Amino acid sequence: MQVIAVVGTKKSGKTTTTETLIKELTERGYKVAAVKHIPEPDFTIDTAGKDTWKFAKAGAKIIISVAAKEIATIEKVTTKSISLETLLEKCRGNDVVLIEGLKKLTALKKNIPKIVVAKSMKEAVSALETFKPVLAFSGPCSTENLGFEVPYADVLKNPQKLADIVEKTILKNRC
């Protein structure tokens, strides 16, 4: 399973990049999982007043909701000290896992290539030091004319290019 982190500042285009990459890789036949960091401290995926919410309020630590077209597992845990390995274990059976956010957990992991979504040249240059290895740049700030060895792919104009870069990495690591 190949893991790739999509990192960048708030409102840089991380979600658009991740969504586009999921679509492109899925169309190419890859099984893709996604991990999304939600930084809001009071956010919950559950809906107040619904049965799953009632079960959690009653004390259930794991609630599994089974519907006609999806299964959702809600785990009531403290995520402050959760490991990246624990999150990735939940994605087993997929070819690639895209992690959006979780910069602190992924920044220093040399075995996780990063796609940096940059809004400015300053962010791009800083990312080369902070996030290693950088697989590609994307986002509103084009790094094509900066002489970086790292390629740039604009997912809005050419989504296939970023998928090509990722696919070469996946295939290389599978051999």
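The values are calculated or read from the model by the stated rules, or taken from the named source; none is laboratory data. Keep in mind that this is a model prediction, so the values were computed, not measured. As a convention, Cβ positions derive from the backbone with ideal geometry for all residues, glycine included, and neighbour counts pool all protein chains shown.
Kindly indicate whether any position in the stretch 154-164 is among the basic types (Lys, Arg), at pLDDT below 95 and crowded, with 16+ Cβ neighbours inside 10 Å.
No, the stretch 154-164 contains no residue that is among the basic types (Lys, Arg), at pLDDT below 95 and crowded, with 16+ Cβ neighbours inside 10 Å.
The number of residues in the stretch 52-81 being surrounded by 12 or more Cβ atoms within 10 Å (Cβ to Cβ) and polar (S, T, N, Q) comes to 2.
Kindly evaluate Ile112 against the criterion of being outside any strand (DSSP E or B) and touching a residue at least 12 places away in the same chain (Cβ under 8 Å). Even if it seems obvious, please write down each step before you answer.
Details: outside any strand (DSSP E or B): yes; touching a residue at least 12 places away in the same chain (Cβ under 8 Å): yes.
When the stated conditions are applied, Ile112 passes them.
With the condition kept exactly as written, say whether any residue in the stretch 115-129 is touching a residue at least 12 places away in the same chain (Cβ under 8 Å), closer than 26 Å to Ser83 by Cβ and of a type in the set (Lys, Arg). Taking every residue of the stretch 115-129 in turn, none turns out to be touching a residue at least 12 places away in the same chain (Cβ under 8 Å), closer than 26 Å to Ser83 by Cβ and of a type in the set (Lys, Arg).
This table checks each residue for (1) of a type in the set (Val, Ile, Thr); (2) out of contact with any strand residue (DSSP E or B) (no Cβ under 9 Å at 6 or more places or on another chain); (3) within 22 Å of Val166 (Cα to Cα).
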{"position": "Ala72", "(1), (2), (3)": "no, no, no"}
{"position": "Arg92", "(1), (2), (3)": "no, no, yes"}
{"position": "Asp95", "(1), (2), (3)": "no, no, yes"}
{"position": "Ala118", "(1), (2), (3)": "no, no, yes"}
{"position": "Met121", "(1), (2), (3)": "no, yes, no"}
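Note on the stretch 107-122: residues that are surrounded by fewer than 21 Cβ atoms within 10 Å (Cβ to Cβ) and either within 17 Å of Thr169 (Cβ to Cβ) or among the acidic types (Asp, Glu) (or both) amount to 3. In the stretch 143-153, is there at least one residue being within 19 Å of the chain's Cα centre (by Cα) and closer than 30 Å to Thr73 by Cβ? No, there is no match, as no residue in the stretch 143-153 is within 19 Å of the chain's Cα centre (by Cα) and closer than 30 Å to Thr73 by Cβ. Here Leu84 clears all of (1) at pLDDT below 95; (2) crowded, with 18+ Cβ neighbours inside 10 Å; (3) touching a Leu at 6+ places or on another chain (Cβ under 8 Å); (4) among the hydrophobic types (A, V, I, L, M, F, W, C) except the condition numbered (2). The combined condition, being among the acidic types (Asp, Glu), part of a loop (DSSP other than H, G, I, E, B) and under 29 Å from Val166 (Cβ atoms), is not fulfilled by Glu24. Evaluating Val3 against the criteria (1) touching a residue at least 12 places away in the same chain (Cβ under 8 Å); (2) in contact with a strand residue (DSSP E or B) (Cβ under 6 Å, 6 or more places away or on another chain); (3) assigned to a helix (DSSP H, G or I); (4) under 23 Å from Thr169 (Cβ atoms) leaves one unmet condition, (3). For the stretch 28-47, check the following and say yes or no: at least one residue is more than 30 Å from Phe131 (Cβ to Cβ) and among the aromatic types (Phe, Trp, Tyr). No, the conditions are met nowhere in the stretch 28-47.
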